Amino acid sequence: MSSETATPLDDFLNQLESLAADAETAFNAAGDDEQLEQARVEFLGARQGRLKSVQKNMGKVAGEDKPAAGKKLNEVKNAIQAAFEQAQEKLAGAAAERVRDPQFDVSLPGAAPRIGRLHPITQTIEELKDIMGRLGFTPADGPEVEDPWHNFEALNIPEIHPARDPLDNFYLSVAGAQHDTAPDRLLRSQTSTVQIRVMENTQPPIRIISLGRVYRPDTADPTHYPMFHQMEGLLIDRDVSLADLKTVLRLFATNYLGESVPVRIRPSFFPFTEPSVEADYHWNGKWVEFGGAGMVDPNVLNSVGYDPEVWSGFAFGLGVERLCMIRHQITDIRDLFTNDVRFLRQF
Ligand code: FA5
């Protein structure tokens with residue numbers, strides 16, 4: 001048998017001695033369970049632990065020295081294992097000591113998990129649905145990506161109307177569409193589109209509201225945002241009058257603001273209502289605008305196949321953010337969309 005590469009027994013025993021000393025130092029230095037576990041893997045790890053690497057050197061010990069080397073290996077293995085268990089007990093004892101420490105009061109309440117809440121706009125929408133539901137209006141929905149018929153034509157806004165200007169709308173480029181033809185889709189600029197969708201599919205009488213997002217390329221400022229929400233209302237029946245509209249707006253404002261608030265209507269213009277009005281309520285000593293409204297234009301009734309001689313109605317469109325802001329005294333609409341939890345937690 002060749003002896004030229006055999007590691008002398010003394011070398012092997014020395015390696016084991018210093019490994020045992022290193023392991024004990026590392027286990028004692030571990031300040032918590034995680035550090036102790038790291039040290040255990042370093043020394044006792046089954047695949048790449050340092051004990052395993054030293055053990056491999058036993059192959060180099062001369063045959064007659066192997067019993068002595070194996071004996072020492074076992075002793076060191078047991079010593080390292082014992083040092084590990086001792087360090088484990090020491091850490092457990094320290095943890096128990098901390099619990100007994102009078103400064104550690106187990107009767108103190110724990111850290112409460114943060115409870116999520118609905119966004120103020122969602123809360124407002126739920127409340128508006130509730131109030132209008134009590135006035136007999138049921139919710140209806142329509143798509144946010146619309147075609148020009150529902151956003152414009154059927155609402156009496158013909159192709160040459162300035163309200164269709166690309167600078168005032170978010171037109172969508174549709175893959176494969178010809179560049180010289182007008183885009184045939186846009187993000188809806190008002191919830192009045194839902195009036196048309198409902199009337200196309202329902203016979204009067206109708207009493208609906210629609211709450212949802214609308215989009216306009218408005219520059220963001222304290223009262224404007226390029227995406228905001230509207231509440232549309234539509235009532236179609238026989239012999240509906242402007243007085244009915246004003247009554248519903250007044251009942252709505254009184255319910256929403258929690259007290260009897262005077263409502264006034266001012267002449268305005270919308271292509272889809274005639275006459276058209278702007279509605280204001282008196283709140284905190286001043287008149288505040290809350291939306292547009294009017295009697296549904298006979299052209300709109302015609303466009304959905306209703307006979308204007310038989311049916312009449314009113315519609316209104318209110319800004320949900322503005323309603324939310326007035327209720328909570330929010331002075332900048334942008335706060336509603338920056339998603340700062342410190343702001344949102346207040347509602
Ligand atoms: C309309 O959008 C009409 N469709 C309302 C209507 C419906 C009239 C039915 C007649 C019949 P107007 O553009 O004024 O109207 O918008 C209505 C409300 O939306 C405004 O009073 C305001 O409260 C809100 N609003 C308008 N632009 C913005 C914006 N950029 N950011 C936040 N709120 C806005």
Legend entry - Sulfur and carbon atoms: percent of accessible area, the stretch 3-99 [1.4 Å]: 49
Inset, instruction - Quick one, could you list the DSSP H helices from the chain stretching 27 Å or more along their long axis (Cα atoms) with average Kyte-Doolittle hydropathy of -1.0 or above? - result: 9-29, 66-100
Inset, instruction - Obtain the nm distance between the two label points defined at ASN339 and GLN103 by a simple spin-label model: each point lies 7 Å from its Cα along the Cα-to-C-beta direction. - result: 4.1
Legend entry - Heavy-atom accessible area per residue - the stretch 120-344, 1.4 Å, Å²: 49
Inset, instruction - Find out how many positive minus negative residues lie around TYR281, taking Lys and Arg as positive, Asp and Glu as negative, among other residues whose Cβ is under 13 Å from that of TYR281. - result: +3
Legend entry - Net charge contributed by nearby residues that have their C-beta within less than 13 Å of ALA220 (K/R +1, D/E -1): -3
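Just to be sure I follow: if Rg is taken over the C-alpha atoms of the chain and Rh is the Kirkwood radius over the same atoms, what is Rg/Rh?
For the chain, the value is 1.44.
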Inset, instruction - Using Cα pairs closer than 8 Å and at least 6 residues apart in sequence, work out the relative contact order for the stretch 75-212, in percent. - result: 27
Inset, instruction - Please compute the net charge surrounding LEU135, taking Lys and Arg as +1 and Asp and Glu as -1 over other residues with Cβ under 15 Å from its Cβ. - result: 0
Legend entry - Fraction of alpha-carbon pairs over 19 Å apart in the stretch 160-295 - percent: 62
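Given a 1.4 Å probe, how much area per residue of the stretch 3-99 is accessible, in Å²?
About 63 Å² of surface per residue is accessible.
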Inset, instruction - Kindly work out what percent of the DSSP beta bridges joining two residues of the chain are antiparallel, to the nearest 5. - result: 95
Inset, instruction - Mind jotting down the distance between the C-alpha centroids of the stretch 6-40 and the stretch 77-145, whole Å? - result: 41
Inset, instruction - Return the carbon/sulfur percentage of the accessible area of the stretch 247-345, one whole number, probe 1.4 Å, all protein chains in place. - result: 49
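Scaled to the compact-protein estimate 2.2 N^0.38 Å, what is the alpha-carbon radius of gyration of the stretch 3-99, rounded to two decimal places?
That ratio works out to 1.26.
The values are calculated or read from the model by the stated rules, or taken from the named source; none is laboratory data. Small disclaimer: the values here were computed from a predicted structure and weren't measured. Note that each Cβ is placed from the backbone with ideal geometry, even for glycine, and that neighbours are counted across all protein chains shown. Quick note on the areas: whole protein, heavy atoms, side chains included, nothing else; ligands and nucleic acids left out. Shrake-Rupley method; radii C 1.70, N 1.55, O 1.52, S 1.80 Å.
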